[in-house]
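A.B. asks: Shown below is the structure under consideration.
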Ligand SMILES: Nc1ncnc2c1ncn2[C@@H]1O[C@H](COP(=O)(O)OP(=O)(O)OP(=O)(O)O)[C@@H](O)[C@H]1O
């Protein structure tokens, strides 16, 4: 056991200033580039000098101890943090080269390019069908054929079609928790986003429902760029191509998932993935 093991966060050694990189690149390059990104909640700095790229079509896991800034980083990618009082940022995040915090950015349009799935499934109190096509209706699409086709495509895409095709008009609230989460993924992919952001999508699910979501993530790989925050290191190991290990608001190591879990290059990553602190 190392010196940093089981220490209170305030007593742990300072993280290294430089990030160690050995991530897998996609033949199609990156979708999102984060450069020298910093974020403060009021006077409290939550992210320090984050530099990383999210590779197109790959699955990236964000891991690290509670409070290290994983969700803050995820929510910065689609400007979900915007409404928080006292929030300030520095640095740049681009999606396909467009500065998402630049002047004149249409935040609603930006969020459509990035579907979001939350910890707890959040279906609306309406039918399964209406849940899936909700984003299209918000866009004013009323053509029944387009709505029907999108509903089937999204439900097939979220591995739910065969389970629900005969009860599309029934309330989504009657589905199991795992089905509800796959429905939320269907709703997220209905508007054909480029990126899927998932904030601990399995934390409220049992192991069987979790396994189905993990299978689904595997099927969605390649079609979407997926970024998943997870506390479950086995899950990160199973589903992701690259893993970003964060600690005290900094990106410590960003690398190929297999290497992060079997031969991490930074001692703090090793201590975390072997369960010495968390
Ligand atoms: N709305 C907020 N206002 C003020 N501080 C916040 C807010 N949200 C998060 N923080 C702080 O920012 C830091 C990073 O929090 P964040 O939720 O991003 O961490 P996390 O790694 O996702 O944690 P967890 O794994 O527990 O969800 C923490 O110190 C947290 O207390």
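A.B. asks: Is it the case, given these coordinates, that residue 227 is under 23 Å from residue 73 (Cβ atoms) and within 16 Å of the ligand (Cβ to nearest atom)? Spell out how you get there, then give the answer.
C.D. replies: On the way: under 23 Å from residue 73 (Cβ atoms): yes; within 16 Å of the ligand (Cβ to nearest atom): yes.
Yes; evaluated as a whole, the condition is true for this residue.
A.B. asks: If you go through segment 19-50 one residue at a time, how many are closer than 22 Å to residue 233 by Cα, touching a residue at least 60 places away in the same chain (Cβ under 8 Å) and out of contact with any helix residue (DSSP H, G or I) (no Cβ under 7 Å at 6 or more places or on another chain)?
C.D. replies: The number of residues fulfilling the criteria is 5.
A.B. asks: Restricting to segment 76-91, count the residues that are farther than 19 Å from residue 229 by Cβ and out of contact with any strand residue (DSSP E or B) (no Cβ under 7 Å at 6 or more places or on another chain).
C.D. replies: Within segment 76-91, residues that are farther than 19 Å from residue 229 by Cβ and out of contact with any strand residue (DSSP E or B) (no Cβ under 7 Å at 6 or more places or on another chain) number 2.
A.B. asks: Go through 201, 207, 193 for me and flag whichever is touching a helix residue (DSSP H, G or I) at 6+ places or on another chain (Cβ under 9 Å) and surrounded by fewer than 20 Cβ atoms within 10 Å (Cβ to Cβ). Give the steps one after another, and end with the answer.
C.D. replies: Details: 201 fails: surrounded by fewer than 20 Cβ atoms within 10 Å (Cβ to Cβ); 207 fails: touching a helix residue (DSSP H, G or I) at 6+ places or on another chain (Cβ under 9 Å).
Testing whether each residue is touching a helix residue (DSSP H, G or I) at 6+ places or on another chain (Cβ under 9 Å) and surrounded by fewer than 20 Cβ atoms within 10 Å (Cβ to Cβ) leaves just 193.
A.B. asks: Residues that are within 30 Å of residue 159 (Cα to Cα) and in contact with a helix residue (DSSP H, G or I) (Cβ under 9 Å, 6 or more places away or on another chain): does segment 262-275 have at least one?
C.D. replies: Going through segment 262-275, the residues within 30 Å of residue 159 (Cα to Cα) turn out to be none.
No, that holds for no residue.
A.B. asks: Right, something else. Give, as residue ranges, the helices (runs of 4 or more DSSP H) completely inside segment 140-196 that count at least 2 residues that are under 23 Å from residue 57 (Cβ atoms) and in contact with a strand residue (DSSP E or B) (Cβ under 7 Å, 6 or more places away or on another chain). Talk me through it step by step, then tell me what you get.
C.D. replies: Values: elements: 144-157, 161-164, 177-190.
Of the helices (runs of 4 or more DSSP H) lying wholly inside segment 140-196, those with at least 2 residues that are under 23 Å from residue 57 (Cβ atoms) and in contact with a strand residue (DSSP E or B) (Cβ under 7 Å, 6 or more places away or on another chain) span 177-190.
A.B. asks: Quick one: would you say residue 109 is under 24 Å from residue 76 (Cα atoms), part of a helix (DSSP H, G or I) and touching a residue at least 40 places away in the same chain (Cβ under 8 Å)? Spell out the reasoning first.
C.D. replies: Values: under 24 Å from residue 76 (Cα atoms): yes; part of a helix (DSSP H, G or I): yes; touching a residue at least 40 places away in the same chain (Cβ under 8 Å): no.
It is false that residue 109 is under 24 Å from residue 76 (Cα atoms), part of a helix (DSSP H, G or I) and touching a residue at least 40 places away in the same chain (Cβ under 8 Å).
A.B. asks: Then there is this: Do we find a residue being surrounded by fewer than 12 Cβ atoms within 10 Å (Cβ to Cβ), under 27 Å from residue 213 (Cα atoms) and touching a strand residue (DSSP E or B) at 6+ places or on another chain (Cβ under 9 Å) anywhere in segment 112-132?
C.D. replies: Applying the first criterion (surrounded by fewer than 12 Cβ atoms within 10 Å (Cβ to Cβ)) to segment 112-132 yields 125.
Among the residues that remain, those that are also under 27 Å from residue 213 (Cα atoms) are: 125.
Checking which are touching a strand residue (DSSP E or B) at 6+ places or on another chain (Cβ under 9 Å) leaves us with 125.
Yes, segment 112-132 contains at least one residue that is surrounded by fewer than 12 Cβ atoms within 10 Å (Cβ to Cβ), under 27 Å from residue 213 (Cα atoms) and touching a strand residue (DSSP E or B) at 6+ places or on another chain (Cβ under 9 Å).
A.B. asks: Also, I was wondering about something else. Enumerate the pairs (first residue in segment 62-74 and more than 18 Å from residue 255 (Cα to Cα); second residue anywhere and more than 6 Å from the ligand (Cβ to nearest atom) and modelled with pLDDT under 95) with beta-carbon separation below 7 Å, excluding pairs fewer than 6 apart on the same chain, so at least 6 apart or on different chains.
C.D. replies: Sorted first by the residue in segment 62-74, then by its partner, the pairs are 72/81.
A.B. asks: Another question, if that's okay. Being in a helix (DSSP H, G or I) and modelled with pLDDT of 95 or more is the filter here; which residues of segment 197-210 pass it? It would help to see each step written out before you state the result.
C.D. replies: Keep residues of segment 197-210 that are in a helix (DSSP H, G or I), which gives 207-210.
Of everything in segment 197-210, nothing turns out to be in a helix (DSSP H, G or I) and modelled with pLDDT of 95 or more.
A.B. asks: Let me ask something else. Going by the structure shown, is residue 199 under 16 Å from the mean Cα position of the chain (by Cα) and under 19 Å from residue 24 (Cβ atoms)?
C.D. replies: On the way: under 16 Å from the mean Cα position of the chain (by Cα): yes; under 19 Å from residue 24 (Cβ atoms): no.
No; evaluated as a whole, the condition is false for this residue.
A.B. asks: Need the failing condition index for residue 76 against (1) touching a helix residue (DSSP H, G or I) at 6+ places or on another chain (Cβ under 9 Å); (2) surrounded by 18 or more Cβ atoms within 10 Å (Cβ to Cβ); (3) closer than 20 Å to residue 244 by Cα, just the number.
C.D. replies: That leaves (1) as the condition not met.
A.B. asks: Return a yes/no flag: does segment 97-104 have any residue that is within 16 Å of the ligand (Cβ to nearest atom) and either closer than 20 Å to residue 52 by Cα or not in a loop (DSSP other than H, G, I, E, B) (or both). Before you say what the answer is, go through the steps one by one.
C.D. replies: Here is the first cut: in segment 97-104, the ones within 16 Å of the ligand (Cβ to nearest atom) are none.
So far as segment 97-104 goes, no, none of its residues is within 16 Å of the ligand (Cβ to nearest atom) and either closer than 20 Å to residue 52 by Cα or not in a loop (DSSP other than H, G, I, E, B) (or both).
A.B. asks: Same structure again: What number of residues within segment 236-246 are closer than 15 Å to residue 52 by Cα and either within 16 Å of the ligand (Cβ to nearest atom) or buried (at least 24 other Cβ atoms within 10 Å of the Cβ) (or both)?
C.D. replies: First pass over segment 236-246, keeping only residues closer than 15 Å to residue 52 by Cα: 241-246.
Within this subset, residues satisfying the condition of being either within 16 Å of the ligand (Cβ to nearest atom) or buried (at least 24 other Cβ atoms within 10 Å of the Cβ) (or both) are 242-246.
Number satisfying all stated conditions: 5.
The values are calculated or read from the model by the stated rules, or taken from the named source; none is laboratory data. Here the structure is a predicted model, which means the values were calculated and not measured. For neighbour counting, all protein chains shown are included, and Cβ atoms are generated from backbone atoms with ideal geometry for every residue, glycine included.
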